[in-house]
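In what follows, a structure is listed as structure tokens, so that the remarks can point back to it.
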Amino acid sequence: GRVIKCSTGQPLKIYSHPRTGHHRVLIQNGGRKTRTFAAVHRLVLLAFVGPGLPGMEACHNNGIPTDNRSANLRWDSTVENQRDRVRHGSARRGEMCPHSKNTERQVLRFMALLADGLSVKAASGLARISVDNGYAISRGRSWGHLWALPLETVRPRQRGSLFPMPEVSCGLTFTTTS
């Protein structure tokens, strides 16, 4: 689709946002000489759905920022928009965050060392991360998405491990047959 200027019927030039890739157009504010960018996905929702409630964001159902079909757009909360980013794999977290100082491998090693009972300072040194980052990770302020992983993913059980994983009773009995 195209965005058409009402007064002339001419299509407006579509620009891509340099960081997000969302399409936008330059619109003139009434008869004034000031122009501003408007996001095409918001304009489509306004035209075909109507205005959203205060605080609502224009969300792409499939996560493709250039797909501005009305069937692919909806008004939703900021929280749901962020959940969409996680579902679509476009969330900037972990190593995808441009300010990340650690790799996922380092953080998983650090978490395994914490699970084995080491202090944050000792685990930070062994995992080669700063103590400040270690405290941020241990408190869930950074790399929090990794805390949702099952403990076996963070620290696989090894035969003869110095710190064996605790056995969890679930009320089932398993027997082996030879």
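The values are calculated or read from the model by the stated rules, or taken from the named source; none is laboratory data. For clarity, every value in this text was computed on a predicted model and none was experimentally measured. Note that we place each Cβ from the backbone using ideal geometry, even for glycine, and neighbour counts take in every protein chain shown. We work out accessible area using only protein heavy atoms, side chains counted, and drop any ligands, DNA or RNA first. Shrake-Rupley method; radii C 1.70, N 1.55, O 1.52, S 1.80 Å.
When the range 61-84 is filtered for residues that are open to solvent by less than 60 Å² (accessible area, probe 1.4 Å) and within 14 Å of the chain's Cα centre (by Cα), the ones remaining, listed by number, are 63, 80, 81, 84. Within the range 1-30, if we keep just the residues that are open to solvent by 90 Å² or more (accessible area, probe 1.4 Å) and closer than 26 Å to residue 63 by Cβ, the residue that is modelled with the lowest pLDDT turns out to be 1.
For every residue, the table says whether it meets (1) within 30 Å of residue 62 (Cβ to Cβ); (2) under 22 Å from the mean Cα position of the chain (by Cα); (3) surrounded by fewer than 16 Cβ atoms within 10 Å (Cβ to Cβ); (4) of a type in the set (Val, Ile, Thr).
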residue: 86; (1), (2), (3), (4): yes, yes, yes, yes
residue: 92; (1), (2), (3), (4): yes, yes, yes, no
residue: 100; (1), (2), (3), (4): yes, yes, no, no
residue: 121; (1), (2), (3), (4): no, no, yes, no
residue: 125; (1), (2), (3), (4): no, no, no, no
residue: 130; (1), (2), (3), (4): no, no, yes, no
residue: 137; (1), (2), (3), (4): no, yes, no, yes
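Does residue 51 satisfy being surrounded by 10 or more Cβ atoms within 10 Å (Cβ to Cβ) and closer than 21 Å to residue 82 by Cα? Yes; evaluated as a whole, the condition is true for this residue. Close Cβ contacts (under 8 Å, 6 or more residues apart or on different chains) running from residues in the range 31-45 that are at pLDDT below 90 to residues that are open to solvent by 30 Å² or more (accessible area, probe 1.4 Å) and in a loop (DSSP other than H, G, I, E, B) comprise 35/29; 36/29.
Out of curiosity, is residue 90 over 30 Å from residue 16 (Cβ atoms) and hydroxyl-bearing (Ser, Thr, Tyr)?
Spelling it out, it is not the case that residue 90 is over 30 Å from residue 16 (Cβ atoms) and hydroxyl-bearing (Ser, Thr, Tyr).
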